[in-house]
Structures are given as C-alpha cells and as structure tokens.
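The values are calculated or read from the model by the stated rules, or taken from the named source; none is laboratory data. No experiment lies behind these values; they were computed from the predicted model shown. Cβ: placed from backbone, ideal geometry, glycine included. Neighbour counts: every protein chain shown.
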There are 2 protein chains.
Amino acid sequence: MTTAEIFAQIQKKKSFLCIGLDVDLAKIPAFLLEKEDPIFEFNKAIIDATHHLCVAYKPNTAFYEAYGIKGWKALKKTICYLNEKHPDIFTIADAKRGDIGNTSTMYAKAFFEDLSFDSVTVAPYMGKDSVEPFLAFENKHTILLALTSNQGAFDFQTQKVNEQELYKQVLETSKTWNNSENLMYVVGATKAEFLADIRQIIPDAFLLVPGVGAQGGNLQDVCKYGMNKQVGLLINSSRGIIYVSNGEDFAEAAAKKASELQEQMAEILS
Amino acid sequence: MTTAEIFAQIQKKKSFLCIGLDVDLAKIPAFLLEKEDPIFEFNKAIIDATHHLCVAYKPNTAFYEAYGIKGWKALKKTICYLNEKHPDIFTIADAKRGDIGNTSTMYAKAFFEDLSFDSVTVAPYMGKDSVEPFLAFENKHTILLALTSNQGAFDFQTQKVNEQELYKQVLETSKTWNNSENLMYVVGATKAEFLADIRQIIPDAFLLVPGVGAQGGNLQDVCKYGMNKQVGLLINSSRGIIYVSNGEDFAEAAAKKASELQEQMAEILS
C-alpha cells in the first residue's frame with residue numbers, strides 16, 4: 001500500500017484513526033471465552049463494528065505471543081480476515097523487531113510475507129543493517145521507533161548525542177538509509193510538543209502516534225504540531241476503544257468511542 | 001536457573017559455549033525436508049550431538065516466526081525437548097523484544113511462562129519501564145542489548161551521550177533498575193577491545209557474546225578482556241556450528257566443530 005492510498009482513505013473516511021487490537025483474555029467479555037477462538041472472535045466483532053471509522057488496525061504481537069500457538073493462530077486469522085474483507089485498510093504489525101541483517105530478513109519475511117502485513121514497527125538500537133532488510137520490501141512500510149509514549153523514553157531517547165537528542169539522531173540517520181522512503185516513525189502523543197521539531201527533520205513521513213486516550217495524550221496538540229500536507233498522522237488508540245465495555249455490547253461500545261474520535265478528526269480535517 | 005548453576009555447568013563441562021539454533025530451511029540437509037517437522041528434527045539432532053559440549057542453547061525467534069505457525073510449533077517443541085532432556089542447560093530466547101510496560105509483561109509471559117525459557121534478549125531503546133517487567137520474573141534472566149556485533153552498532157550505540165558512549169549509558173542506567181541482578185548483557189565478539197571498559201561498569205554480570213565464527217570475532221580476545229571470577233561469558237556460535245555440513249553427517253559435523261571450540265575453552269579455563 002502506498003502513502004497516497006492511505007491519504008485517499010483518510011479523505012474518504014474523514015479519519016486518521018488506527019485501532020490497536022491488543023487482546024487480553026482477562027479483559028474481553030466473559031461470554032467470548034466459550035468460543036473456539038475467543039481472540040479472533042473479539043477482533044472480528046471489533047473490526048466489523050469499526051472498519052468504516054478507521055484507516056488502520058494495529059495488533060500488538062506481544063498479546064498474541066503470550067498465548068503461544070493459539071495466539072499466533074488468532075493473529076494469522078485476524079490479518080487474513082482484514083486482508084480479505086478490508087484490503088483498503090492499512091495494517092501494522094506492532095512487533096518492535098530488529099536484529100543483525102540476515103536475521104532481520106527473517107523477521108521481514110514473517111510479517112510481510114507469511115502474515116502479509118503492510119507494515120511492521122522496528123527498534124533502531126542496532127542501526128542501519130538491522131533496519132534496511134525491512135526497507136527492501138516494495139510497497140511495505142517500516143515504522144521506526146523514534147520517541148515513544150512511555151516514561152522510559154527519557155532514559156535514552158531524549159539524551160543528547162553529539163549535541164542533539166538521540167531520537168533526532170535516529171530520525172536524521174535513518175533518512176540516509178537505502179529505501180528510506182519506506183520509513184514511517186513512532187512518536188508518542190504524550191510528547192506532542194516535540195512534534196514541531198520532529199517535522200523539521202521529517203516533514204513528509206507518516207507518523208504512528210500511540211498514547212492518545214489511556215496514556216493521556218491530546219489529539220488537538222498532536223495535530224497542531226504534527227500534521228502535514230498528507231495529514232501524515234495515524235493516531236492509535238487501543239485500550240481506550242476496545243475495552244470500553246466488557247458486556248454483550250462491547251463492539252457497539254467500541255464503535256461509539258471510535259466514532260467520537262473520528263468526529264473530532266473530521267472536524268480537524270475540515 | 002541461577003548464575004551459580006550456570007557456573008557449575010561451565011566447570012563441569014569445561015565449556016562456556018552457547019549454540020545458536022537459527023534454523024533456515026534453505027540451509028538444512030535436504031533429506032530432513034521430507035520429515036513432518038524438519039525444523040524440530042534438525043534441532044533435535046544438533047542437541048543430541050552437542051549437549052555435552054555446551055552450557056546454553058539460543059534459538060533466534062526470527063527463524064521460527066518466518067515459518068509462521070509451523071515455525072512457532074517447532075520452537076515450542078524444541079524448548080520442551082530441551083527442558084525435558086537437559087534441564088541443566090541454560091536456554092535463551094533470542095527475541096530482542098521491548099515495549100511499554102503492560103506490553104512487555106505480555107512478552108515476558110510469552111517467553112518465561114508459555115515457552116519456559118530461562119532468559120530472553122531485550123532491546124533497551126524504550127528504557128526502564130520497558131525492561132523492568134521482564135526483570136520481575138524470579139530465576140529468569142533478561143539479556144539486554146548493549147554493544148551488538150553488527151556494523152550498525154556504530155550508528156547509535158557507540159555515539160557519545162553526555163560524554164559517554166550510549167552503550168555505556170545503557171549499562172550504567174540499567175544497574176539502577178529494579179531486580180537488576182537478573183540482568184545479563186549482549187556484547188559482540190567483534191568488539192572485544194571494548195570489553196575491558198565494559199567490565200569496569202558491570203564486573204559481575206554474565207555476557208552473551210555473539211559474533212565468534214561467521215562474523216569474525218576472536219575467542220582469545222574476548223576471554224582476555226571479558227572473563228570474570230564466574231567466567232561470566234556465554235560465547236555463542238550459530239551458523240559456524242550448525243551449518244558445517246548439509247549432508248547426512250550434519251549433526252556429527254556440528255559436534256566436531258563445537259568440540260573444537262569446547263577444547264579451546266577448556267584450555268583457557270585450565
């Protein structure tokens with residue numbers, strides 16, 4: 001999927017919402033646990049109720065791996081369902097992978113070929129040759145961690161490296177890598193005031209922005225500092241949408257919450 | 001498993017070798033491809049032939065994820081086989097995970113509970129709250145990426161942060177985290193000359209050292225600069241051992257190569 005296609009979706013749906021599918025069996029409605037594949041049934045219901053309100057879905061792989069083979073199967077079923085029913089929606093494997101070259105190639109195959117995701121999140125610590133194997137895949141996107149939404153971001157990411165914060169160094173350096181046009185970046189909504197500086201370095205790239213909702217980030221601030229000509233933002237909410245209710249009405253309640261965010265986005269876009 | 005138990009193994013086997021189980025179906029003997037689970041059959045044969053020569057096994061999860069559910073099943077069978085047949089051998093899930101707190105907890109459950117590994121490799125970019133959920137597990141070890149063996153390590157890890165290289169900052173900072181006694185660190189053998197400085201900061205921690213063999217690192221140099229009272233080193237070789245032959249004799253050939261390394265280690269220990 002190209003960024004132009006993502007932008008077309010944004011204009012059509014008047015939304016730049018990404019819904020995080022982080023399924024925790026301890027939090028989903030109890031009646032689903034009796035089903036053969038509760039994780040997939042939960043995701044399917046959420047997708048059926050919200051697909052017209054969002055432009056991207058982002059399963060975080062941790063929540064699937066925690067359930068072993070059963071979880072991995074549910075992840076596969078979820079991405080197959082998305083690709084079959086909603087091929088126009090951008091899919092993100094939030095996996096935060098990264099390893100030496102030949103190993104990163106195997107991760108890229110896992111997410112781009114075996115699971116057919118449009119994109120995958122990748123950690124930058126191991127540098128160029130750990131990220132370029134992902135960038136080599138045509139029409140796929142590599143979403144590099146830059147400035148994350150958690151408190152630990154201040155441990156290393158905002159430390160000064162050669163008079164520039166590490167996350168800015170990551171942005172600058174990554175622009176020189178092969179196929180860097182396939183890069184997007186993770187920037188946490190909890191650090192919206194950093195977005196103006198970030199847009200100086202990467203004016204055109206799409207940003208995946210977690211942290212609106214449960215983590216306390218503010219949508220208006222993120223848009224004020226982070227929006228570009230193609231919008232350039234995918235605002236993620238996971239817990240804030242999918243766990244609004246754990247009753248029979250969970251999907252409906254999630255859609256209502258997603259709709260509230262979509263309406264705010266429509267207003268910002270108009 | 002405690003580090004004292006690892007040290008006891010090292011003394012008993014006169015070895016501090018870790019064998020990387022990075023199974024690539026394009027590289028294993030062709031006759032195995034006819035078996036129902038070629039990945040597990042390959043690992044089983046390697047384990048049967050080498051378990052007396054090494055103190056740790058390290059499957060890199062990328063090589064399993066690349067084969068989807070089939071790969072994940074083979075990983076599960078491999079770790080179950082190891083825990084059943086060789087509970088005294090230290091097991092490392094080389095997964096390089098790391099995410100915000102509640103998500104890292106799910107990864108920790110995946111590797112420490114569902115798969116019952118003794119340890120997992122973790123990336124430091126997201127800081128304290130992305131690593132502490134792993135450290136909270138008793139008798140489990142978190143192996144933090146410090147200075148990796150690849151060329152990309154020079155992109156960020158060796159850059160100066162507040163007058164100290166980033167990897168040293170990672171070492172210093174991580175010592176202040178809760179349950180930091182459960183930390184080990186990845187330090188690439190290709191950068192052996194950095195080990196003297198590293199031992200100033202973390203004299204007692206175990207180091208997982210990849211990069212001897214295929215990547216060009218030197219065993220003698222690593223030991224000269226990196227060894228401590230408990231030895232404190234787990235020297236990994238993957239491709240350099242498991243792909244010596246792709247004929248019927250592959251396991252025997254791997255054992256021969258492992259034995260050469262073990263003999264060098266025995267000499268260093270004596």
Exercise. If you check residue B:34 against the conditions, is it within 12 Å of chain A (Cβ to nearest Cβ), charged (D, E, K, R) and without any contact (Cβ under 8 Å) to a residue 40 or more places away in the chain?
Worked result: no
Exercise. Mind checking whether some residue in region A:45-59 is more than 9 Å from chain B (Cβ to nearest Cβ), in contact with a strand residue (DSSP E or B) (Cβ under 8 Å, 6 or more places away or on another chain) and polar (S, T, N, Q)?
Worked result: yes
Problem set entry | So residue A:188, is it at pLDDT below 95 and in contact with a strand residue (DSSP E or B) (Cβ under 7 Å, 6 or more places away or on another chain) | yes
For this session: List the number of the failed condition for residue B:194; all other conditions in (1) at pLDDT below 95; (2) closer than 20 Å to residue B:95 by Cβ; (3) of a type in the set (A, V, I, L, M, F, W, C) hold.
Result: (2)
Exercise. If you take the residues in region B:127-153 that are more than 7 Å from chain A (Cβ to nearest Cβ) and part of a helix (DSSP H, G or I), which one is farthest from residue B:183 (Cα to Cα)?
Worked result: B:133
Seminar exercise, completed: When residue B:119 is run through (1) at the interface with chain A (Cβ under 10 Å from one of its Cβ atoms); (2) surrounded by 22 or more Cβ atoms within 10 Å (Cβ to Cβ); (3) touching a strand residue (DSSP E or B) at 6+ places or on another chain (Cβ under 6 Å), the failure sits at (1)
Problem set entry | Residues satisfying the stated conditions in region A:160-205, i.e. part of a loop (DSSP other than H, G, I, E, B), within 14 Å of chain B (Cβ to nearest Cβ) and under 24 Å from residue A:119 (Cα atoms) | A:175, A:176, A:177, A:178, A:188
Seminar exercise, completed: Among the residues of region A:221-236, the number that are part of a strand (DSSP E or B), out of contact with any helix residue (DSSP H, G or I) (no Cβ under 8 Å at 6 or more places or on another chain) and surrounded by fewer than 20 Cβ atoms within 10 Å (Cβ to Cβ) is 0
For this session: Within region A:147-184, track down each residue that is without any contact (Cβ under 8 Å) to a residue 60 or more places away in the chain, of a type in the set (A, V, I, L, M, F, W, C) and buried (at least 17 other Cβ atoms within 10 Å of the Cβ).
Result: A:147, A:153, A:156, A:161, A:166, A:170, A:171, A:177, A:183
